[in-house]
Amino acid sequence: MMANTSELAQQLRVDSLRCSTAAGSGHPTSSLSAADLMAVLLEHALRWDLRHPDNPNNDHLIFSKGHASPLLYAMLKAAGVITDAELLSYRRFRSPLQGHPVPTLPGVEVATGSLGQGLPIGVGMALSGKYLEKRPYRVWVLLGDSEMSEGSIWEALDHARHFKLGNLIGILDMNRLGQRGETPLGWNGRVYAQRARAFGWNAYEIDGHDPAAIAQAYQEAIGEAEAPTLIVARTVKGKGVSLVENKDGWHGKALDEKQCAEAIAELGGERHLTVRVRAPDPDQPSKPAVYPADLPTYERGTQVATRKAYGDALEALGGARSDIVVLDGEVGNSTYAEEFAKAYPGRYFEMFISEQQMVAAAVGLSARHHAPFASSFAAFLTRAYDFIRMAAASRANIRLCGSHAGVSIGEDGPSQMGLEDLAMMRAVRGSTVLYPCCANQTARLVESMTNRRGVVYLRTTREKTPVLYDDKEAFPIGGSKVLRLSTADRAVIIAAGITVHEALKAHERLLEQGIRTRVIDAYSVKPIDAAGIRTAVEATGGTVVVVEDHWSEGGLGDAVLECLNGERPLMTRVVRLAVKTMPGSGKPAELLHAAGIDADAIAAAVRGLLPRKKTRNCYICGNPAVWRIAVAGEDESATHENACETHAGGHLRIGRLAASPANQRNGGVRP
């Protein structure tokens, strides 16, 4: 039995060399070191029916060391999933066998390659298997020793222990050599094992090239019900090829054709074994129950924080959809995710202060066909940005909520203020970015998030704000709302979230001064309502003020400029009001004012964009007076001042003076 396994391991090595040499790039030496580990897994431990990849009882295999992708593809060939010709298409344009794994093949469920992510994602899958699906599958994660320096690995170790994930098994390919030399611990497997045990894991130290020892360790791990297992396997990088074996400087380098031919001969030549991987018991995935949701409603004019509406909506949707799962970063009493936790504790997972693990678990849950929502302060999601961008590469459907955004959070100061989140979320490929301004709007948008594919981000506000919309109002993603409108509008004010309320205040102040403005609530920041915004801008002469509680880079202002500078650029005058200096502590109103994004600043910006008054001399006494230029849309027969205060009775009407005692001396004609 083990002889066959050794032959399979050599085949995996040969095929790893063949495909990387054909590509002219790749990581063959990292693949050679783990070949014995994966050969034994295929033949003796993995329950993996890739002819029926949707079988919910299938085990899951994650290559956290995604650069060892040649080994993964060699395994898929041995399992009969891909052909030899497909194997040799590795890294070619349009080939599904990409340089690092992405979910384009059976058996590849998430994207890896950014080190430190596979084990945290595995935690999410294992949570699903143990607590949600209650199925017997196991999650196997191949780890590299270099990535053991990543903090996210230790977040995963901690959470796997906390949730007693006996169905999670890590296989550490301890080959000693990293990209530029020896790893911090080298071959000191005892320390890796001690650290894992300190986190509550079972740990086994083995020779990673001894098939019998590997098989025994796998059987020990399979027998665990409560504690996760880490198998620390001492291996040799480049194993089996004397040219590269245990030699520095070969990381990420493919052998040339001559070197490859010699290496294949040294390994005993090409083989074309096919492995019949054990299949689990067949079963059909269960379909989630979906019912109409009874969303929360709020009375117009009342004061409700959008973060509270997020929690209320989650609770309501939890009763309508059994696939919704919620995670939070130990701020559930601030994000109001606690509302869901109280109602559906079996579908709520507290991730504590581990934002990377929280997002990774959401990706793992998405891979298991759940609809995960994960929430924290918007500022703290920046810690998990690598996981968010990789979620897009994984084709994951995850929903993120960032609360306490902007300077409007007040006294807590800049460490808690999310001011980069719109920019970073807009930059994620295929993402959706939503920023509601009122509670009824929030509830509707949270409902829309459940069916939205990709990475979906909702930005919520700490402060209570007035409920602007009726509970029956619809808010399609990609839309906007025009809150103030007239045919005499001379400027457009575009806002989202907290600044919508400031924009409405500014509108009223400007109206008192005879200046009409159009106010747009751009609640869908991405995709933005480009057509609606362009129509409004064209109708008002191209004068635009965009205001946001966010840094000036990458947020709503940039989104608006992008749609104005489309295939047919508009002639516009645009002022972007955003946070431009480092804020401090203070009352929300004080901070909005100091940042120049409150009603005062908006009104001033609008006035500054409109044609200004010029000073001329009084036609009677010669002292400075005010001359107000006619502006677009104004009745040209309107009266214009051209006199100082003392002689204010004199007026010019289209080049003629109105009859009045003050101007009779000039005969009613402009001097």
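The values are calculated or read from the model by the stated rules, or taken from the named source; none is laboratory data. All values reported here derive from a predicted model rather than from experimental measurement. Positions of Cβ are backbone-derived with ideal geometry, glycine not excepted, and every protein chain shown enters the neighbour counts.
Taking the conditions exactly as written (under 25 Å from F63 (Cα atoms), among the small types (G, A, S) and in a helix (DSSP H, G or I)), does A360 satisfy them or not?
On the way: under 25 Å from F63 (Cα atoms): yes; among the small types (G, A, S): yes; in a helix (DSSP H, G or I): yes.
For A360, the condition - under 25 Å from F63 (Cα atoms), among the small types (G, A, S) and in a helix (DSSP H, G or I) - is met.
Tallying residues that are within 23 Å of T487 (Cβ to Cβ) and of a type in the set (D, E, K, R) within region 527-555 yields 3. Right, K505: within 15 Å of C437 (Cα to Cα), among the basic types (K, R) and at pLDDT 95 or above or not? Taking the combined requirement at face value, the residue satisfies it. The condition of being part of a helix (DSSP H, G or I), touching a Phe, Trp or Tyr at 6+ places or on another chain (Cβ under 7 Å) and either polar (S, T, N, Q) or within 14 Å of V236 (Cα to Cα) (or both) holds for T29. Residue pairs whose Cβ atoms lie under 6 Å apart, sitting 6 or more positions apart in sequence or on different chains, and linking a residue in region 442-457 that is polar (S, T, N, Q) to a partner that is assigned to a loop (DSSP other than H, G, I, E, B), are T442/P436; S448/I477. Contact annotation: residue pairs with Cβ atoms under 7 Å, 6 or more positions apart or on different chains, pairing a residue in region 9-36 that is basic (K, R) with a partner that is outside any helix (DSSP H, G or I), are R13/G240; R13/L267; R18/L88. Only one of the listed residues (A337, A343) is surrounded by 24 or more Cβ atoms within 10 Å (Cβ to Cβ) and either of a type outside the set (K, R) or closer than 18 Å to G116 by Cβ (or both). That residue is A337. Taken over region 410-456, the criterion of being in a helix (DSSP H, G or I), in contact with a helix residue (DSSP H, G or I) (Cβ under 6 Å, 6 or more places away or on another chain) and surrounded by 24 or more Cβ atoms within 10 Å (Cβ to Cβ) is satisfied by D421, A439, T442, A443, V446. Those strands (runs of 3 or more DSSP E) of region 149-240 in which 3 or more residues are in the same structural domain as G113 (by TED's automatic domain parsing) and within 34 Å of the chain's Cα centre (by Cα) occupy 168-174, 229-234.
Per-residue answers, yes or no, for (1) closer than 16 Å to A605 by Cβ; (2) in contact with a helix residue (DSSP H, G or I) (Cβ under 6 Å, 6 or more places away or on another chain); (3) outside the structural domain of A595 (by TED's automatic domain parsing):
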residue	(1), (2), (3)
T543	yes, yes, no
E548	yes, yes, no
L556	yes, no, no
L561	yes, no, no
R568	no, no, no
T572	yes, yes, no
V575	yes, yes, no
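When you check D84 against the structure, is it touching a residue at least 24 places away in the same chain (Cβ under 8 Å) and touching a strand residue (DSSP E or B) at 6+ places or on another chain (Cβ under 9 Å), yes or no? Walk me through it before giving the result.
Values: touching a residue at least 24 places away in the same chain (Cβ under 8 Å): yes; touching a strand residue (DSSP E or B) at 6+ places or on another chain (Cβ under 9 Å): no.
Here the answer is no, as D84 does not meet what is asked.
When A68, A79 are checked against the criterion of being buried (at least 24 other Cβ atoms within 10 Å of the Cβ) and not assigned by TED's automatic domain parsing to the domain that holds H370, a single residue qualifies: A68. Looking only at residues in region 146-160 that are among the acidic types (D, E) and out of contact with any Lys or Arg (no Cβ under 7 Å at 6 or more places or on another chain), the one that is surrounded by the most Cβ atoms within 10 Å (Cβ to Cβ) is E155. Residue pairs whose Cβ atoms lie under 7 Å apart, sitting 6 or more positions apart in sequence or on different chains, and linking a residue in region 206-235 that is on the phi < 0 side of the Ramachandran plot to a partner that is part of a strand (DSSP E or B) and of a type in the set (K, R), are D207/R234; G208/R234.
Filtering region 32-55 to residues that are acidic (D, E) and either in a helix (DSSP H, G or I) or on the phi > 0 side of the Ramachandran plot (or both) leaves D36, E43.
If the condition is being of a type outside the set (F, W, Y), under 20 Å from C438 (Cα atoms) and touching a Phe, Trp or Tyr at 6+ places or on another chain (Cβ under 9 Å), then region 307-331 contributes R307, K308, A309, G311, D312, L314, E315, L317.
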